[in-house]
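The values are calculated or read from the model by the stated rules, or taken from the named source; none is laboratory data. The shown structure was predicted, so the numbers you read here are calculated from the model rather than taken from an experiment. In this analysis, Cβ positions are derived from the backbone assuming ideal geometry, glycine residues included, and neighbour counts consider all displayed protein chains. Side chains are part of the model used for accessible areas, which takes the heavy atoms of the whole protein and leaves out ligands, DNA and RNA. Shrake-Rupley method; radii C 1.70, N 1.55, O 1.52, S 1.80 Å.
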Amino acid sequence: MKPSERLSGKQRRNTSYITATLTSPRKRKKKPKQVDLSEVLDFKSALDSYNENAQLPPGIFASQCGSNRPVFCLENRPGFYFIPGALSLEEQCLWIRESLTSFPQPPNRTNHNAIYGPINDLFIAAKEKRTLIDEESSPASLDSEANSCTSNRDTHSHRWKFYEENIPSFRAKTCKSISASVLLRKLRWSTLGLQFDWSKRNYDVSLPHNKIPDELCQLAKKLAAPAMPMGEDFRPEAAIVNYFGLADSLGGHLDDMEADWSKPIVSMSLGSKAIFLLGGKSRQDPPLAMFLRSGDAVLMAGEARECFHGVPRIFTEKETAEIVPLELQFSHEDDHFFLDYIRTSRININIRQVF
């Protein structure tokens with residue numbers, strides 16, 4: 001069955017605004033279009049219906065796959081699996097914390113490396129309202145005030161260092177600088193395990209790296225089980241953490257740099273609700289739109305690895321973000337900085353077997 005055969009006329013009109021996302025790179029829009037979302041696939045509602053009366057919408061079927069919760073599949077997208085509420089609230093909070101504090105730490109690379117080199121303790125610096133200063137453009141006398149939280153293994157690290165918030169105005173005028181809080185909001189990706197070289201579009205095993213944390217590996221293995229070939233275990237070797245801010249989107253793409261596409265990509269959603277588009281093997285194939293909520297997991301293996309996919313929209317408005325449980329968990333005074341971040345953001349952790 002072709003993707004268009006499962007879309008009503010209204011669905012085709014409603015997805016036209018997001019089909020363009022499958023043909024363009026990641027971009028930031030000023031304001032999302034107001035569209036009718038009534039026919040976007042909602043696996044949370046499907047789960048409720050399935051638990052109540054074992055009924056599912058046409059084209060969707062469920063499998064327990066040895067799990068304690070249903071795993072949903074699409075008849076016209078072999079290799080695609082959706083696990084609503086796969087992560088407990090405690091797990092969501094854990095991986096939000098790790099994504100902001102640990103995962104951007106060197107030797108893990110981020111989108112900031114190209115300009116600023118490796119940055120240590122970005123989240124702490126943002127919390128303490130520090131400023132990153134380019135020392136090549138600053139007076140040498142600033143050295144005594146510097147916070148030595150940058151690595152010296154990269155040439156950039158000799159240039160950029162964090163300083164206390166209250167920099168004298170004359171220094172601010174003579175230095176290139178950026179606040180840590182702005183850098184945190186501009187964080188778009190970090191890489192765990194084997195490091196991905198975006199310029200060459202391959203994994204560079206020569207780059208320094210740490211293994212993926214064991215607890216995350218165990219979670220990925222458990223989630224990957226429904227999509228794994230019989231008798232094989234998932235080997236988490238690399239992960240990319242994507243950070244979405246206000247009005248961010250992720251254009252249509254393929255994750256095609258791993259050796260064996262029969263092994264799944266394990267993708268976990270954290271924070272604000274989003275729309276996920278699953279297209280076909282051509283960018284011109286009409287996509288299926290579905291909601292992703294915090295705690296949901298998606299697996300893509302086999303034929304699904306050949307399907308273009310993207311995220312055209314996240315919902316950061318209080319009424320639509322659907323993060324009240326997270327807000328309650330992060331309501332303690334010590335967690336307010338996490339709370340402020342997640343109220344307008346989404347984090348996606350996708351884990352891969354490279355070889």
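Remarks
- In the range 252-277, of all residues being in contact with a Gly (Cβ under 8 Å, 6 or more places away or on another chain) and surrounded by fewer than 18 Cβ atoms within 10 Å (Cβ to Cβ), the one that is nearest to Val182 (Cα to Cα) corresponds to His253.
- Matching option when the condition is over 14 Å from the mean Cα position of the chain (by Cα) and closer than 23 Å to Gln105 by Cα, among Asn242, Asn210: Asn210
- A search for C-beta distances below 9 Å between a residue of the range 246-261 that is in a loop (DSSP other than H, G, I, E, B) and any residue that is crowded, with 17+ Cβ neighbours inside 10 Å and among the polar types (S, T, N, Q), counting only pairs 6+ apart in sequence or on different chains, returns Leu246/Thr316; Leu246/Thr344; Leu246/Ser345; Ala247/Thr316; Asp255/Asn350; Glu258/Gln353; Ala259/Gln353; Asp260/Gln353.
- For the range 87-104, the set of residues classified as in a loop (DSSP other than H, G, I, E, B) and surrounded by 19 or more Cβ atoms within 10 Å (Cβ to Cβ) consists of Leu87, Phe103, Pro104, listed by residue number.
- From Asp285, Asp233, residue being in contact (Cβ under 8 Å) with a residue 12 or more places away in the chain, in a loop (DSSP other than H, G, I, E, B), within 25 Å of Ala46 (Cα to Cα) and among the acidic types (Asp, Glu): Asp285
- When the range 302-348 is limited to residues that are of a type in the set (Ser, Thr, Tyr) and touching a residue at least 40 places away in the same chain (Cβ under 8 Å), the one that is surrounded by the most Cβ atoms within 10 Å (Cβ to Cβ) turns out to be Ser345.
- Unique residue being at pLDDT below 95 and not hydroxyl-bearing (Ser, Thr, Tyr) when the list is Lys281, Lys318: Lys318
- Taken over the range 260-288, the residue count meeting the criterion of being closer than 16 Å to Pro78 by Cα and of a type in the set (Gly, Ala, Ser) is 4.
- With respect to (1) of a type in the set (S, T, N, Q); (2) closer than 20 Å to Ser99 by Cα; (3) surrounded by fewer than 23 Cβ atoms within 10 Å (Cβ to Cβ); (4) touching a helix residue (DSSP H, G or I) at 6+ places or on another chain (Cβ under 6 Å), the lone exception for Asn242 is condition (4).
- Being among the hydrophobic types (A, V, I, L, M, F, W, C), part of a helix (DSSP H, G or I) and either modelled with pLDDT of 75 or more or open to solvent by 40 Å² or more (accessible area, probe 1.4 Å) (or both) is true of Ala20.
- Leu142 passes every criterion in (1) more than 19 Å from the chain's Cα centre (by Cα); (2) at pLDDT below 85; (3) open to solvent by 80 Å² or more (accessible area, probe 1.4 Å) apart from (3).
- Restricting attention to the range 281-301 and to residues that are farther than 30 Å from Glu90 by Cβ and in contact with a strand residue (DSSP E or B) (Cβ under 9 Å, 6 or more places away or on another chain), the residue that is most open to solvent (accessible area, probe 1.4 Å) turns out to be Arg283.
- Candidates are the residues of the range 87-123 that are in contact with a strand residue (DSSP E or B) (Cβ under 8 Å, 6 or more places away or on another chain) and among the aromatic types (Phe, Trp, Tyr); the one that is farthest from Asp335 (Cα to Cα) is Tyr116.
- Restricting the first member to the range 100-112 and to residues that are more than 15 Å from Leu216 (Cβ to Cβ), and the second to residues that are open to solvent by 30 Å² or more (accessible area, probe 1.4 Å) and outside any loop (DSSP other than H, G, I, E, B), the beta-carbon pairs closer than 6 Å and six or more apart or on different chains are Asn111/Trp189.
- Count of residues meeting criterion [open to solvent by 50 Å² or more (accessible area, probe 1.4 Å) and touching a residue at least 40 places away in the same chain (Cβ under 8 Å)] in the range 43-61: 2
- Residues satisfying the stated conditions in the range 329-351, i.e. part of a helix (DSSP H, G or I) and touching a Gly at 6+ places or on another chain (Cβ under 7 Å): Ile342
- Residues satisfying the stated conditions in the range 211-230, i.e. in contact with a Ser or Thr (Cβ under 9 Å, 6 or more places away or on another chain), assigned to a loop (DSSP other than H, G, I, E, B) and closer than 18 Å to Gly302 by Cβ: Met228, Pro229
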